[in-house]
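To start, the structure under review is shown below, and the notes come after it.
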Amino acid sequence: MREAVFLRQNQERWQQYERQPPAGPDELAARFVALTDDLAYAQTFYPTSPTTAYLNGLAGKLHQRLYANKRQSHGRFARFWAAELPLVVARHRRTLAVTALIFLVFTALGALSAAYDDSFVRVVMGDAYVNQTIEYIRRGDPMAVYKQEGETLMFLGITANNIYVALSIYVLGATLGIGTLVQMFRTGIMLGSFQYFFYHYHVLRASVLTIWIHGTLEISAVVVAGAAGFVMAQGLLFPGTFSRSEAFRLAARDGLKMAIGLVPIFVVAGFLEGFVTRHTEMPVAASLAIIGGSAAFIGWYFVWYPRQLLRRQGLAVSA
């Protein structure tokens with residue numbers, strides 16, 4: 001797009017940001033998201049233009065207002081999940097999409113590796129786990145592993161571990177994203193080989209109807225945690241017109257919000273794994289309802305809702 005066209009399409013909106021105060025903190029955050037998208041575009045195609053300098057200055061002003069120390073209202077906690085987190089997700093939607101694609105590739109590699117090498121699953125999962133699961137399959141109860149521990153202890157242990165893993169994936173973004181990528185690779189390879197293992201023993205249907213009761217939320221949250229790590233890495237690798245330290249600080253803040261926002265999802269996933277997944281005798285319709293509901297929630301909260309939140313405030317979301 002020529003710079004003149006870019007200006008003509010957006011200049012009136014930028015001037016409105018300068019003239020009219022936002023109606024509230026949510027609108028201010030939405031303006032900041034839209035403006036940083038415009039700035040990123042200008043930095044790519046008109047790096048030395050006065051337009052880019054102007055947008056950088058305006059974004060700096062909005063940033064100061066957005067993150068200035070202020071007294072928080074009683075609705076701050078609820079507003080984080082209702083508006084603040086979705087707006088951060090909207091801002092980094094491309095990173096989230098790329099992370100999901102990378103994870104799917106790693107998962108496919110895991111399945112292919114297991115298909116071409118019978119010993120691969122043992123390398124990934126360990127001999128003890130594989131042998132025990134084979135024994136469960138022979139007994140006609142392939143998902144018996146989810147029945148071996150008490151509900152409450154399983155729920156607490158799994159939830160704590162998942163939160164720790166997600167925060168670790170995010171923190172490893174400080175290694176220029178290499179650590180985050182390695183953790184995503186390990187998780188994807190494990191998932192792919194794990195599912196192929198059940199396919200190989202002709203119990204894929206049972207595994208899907210059982211594992212994905214909690215896995216839909218759990219794996220989706222791991223992908224978001226990976227995106228949070230890559231967001232932080234981008235601040236180090238591509239500071240733009242900010243200093244590297246400032247870009248890193250801003251990116252780390254956004255990534256932390258994404259990671260912290262996953263805590264309720266991991267709690268629900270842990271509850272499902274501890275109290276629900278063990279009931280392998282439940283009707284297929286019930287399993288599908290939980291899996292479908294979980295998938296619908298993830299798609300709504302991390303894809304559809306952030307875009308709609310911006311649209312309701314009159315701000316266009318670029319593809």
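The values are calculated or read from the model by the stated rules, or taken from the named source; none is laboratory data. What you see is a predicted model; the values in this text were computed from it and never measured. Quick reminder, even Gly has a Cβ in these numbers, built from the backbone with ideal geometry, and neighbours come from all protein chains shown. The area values use the complete protein model at the heavy-atom level, side chains included, leaving out ligands, DNA and RNA. Shrake-Rupley method; radii C 1.70, N 1.55, O 1.52, S 1.80 Å.
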inquiry  = Checking the conditions here, which among ARG79, ARG186 is of a type in the set (Lys, Arg) and farther than 23 Å from LEU250 by Cα?
reply    = ARG186
message = Given the condition surrounded by fewer than 17 Cβ atoms within 10 Å (Cβ to Cβ) and out of contact with any Leu (no Cβ under 8 Å at 6 or more places or on another chain), answer yes or no: does some residue in region 220-230 qualify?
response = no
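Test of understanding: among PHE185, PHE197, which residue is open to solvent by 40 Å² or more (accessible area, probe 1.4 Å), at pLDDT 95 or above, aromatic (Phe, Trp, Tyr) and farther than 20 Å from GLY270 by Cβ? Reasoning before the result, please.
Working: PHE197 fails: open to solvent by 40 Å² or more (accessible area, probe 1.4 Å).
Exactly one residue qualifies, and that residue is PHE185.
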note = Within region 129-154, the residues that are over 19 Å from SER207 (Cα atoms), open to solvent by 70 Å² or more (accessible area, probe 1.4 Å) and not hydroxyl-bearing (Ser, Thr, Tyr) are GLU151, LEU153
query = Of all residues in region 243-252, which are more than 20 Å from the chain's Cα centre (by Cα) and closer than 17 Å to ARG91 by Cα?
reply = ALA247
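Here are LEU87, LEU104, LEU96: which of them is touching a residue at least 40 places away in the same chain (Cβ under 8 Å) and open to solvent by 50 Å² or more (accessible area, probe 1.4 Å)?
Values: LEU87 fails: open to solvent by 50 Å² or more (accessible area, probe 1.4 Å); LEU96 fails: open to solvent by 50 Å² or more (accessible area, probe 1.4 Å).
Only one candidate qualifies: LEU104.
Among VAL263, VAL268, which is the only one that is open to solvent by 30 Å² or more (accessible area, probe 1.4 Å) and under 21 Å from GLN183 (Cα atoms)? Spell out how you get there, then give the answer.
Working: VAL268 fails: under 21 Å from GLN183 (Cα atoms).
Only one candidate passes the filter, namely VAL263.
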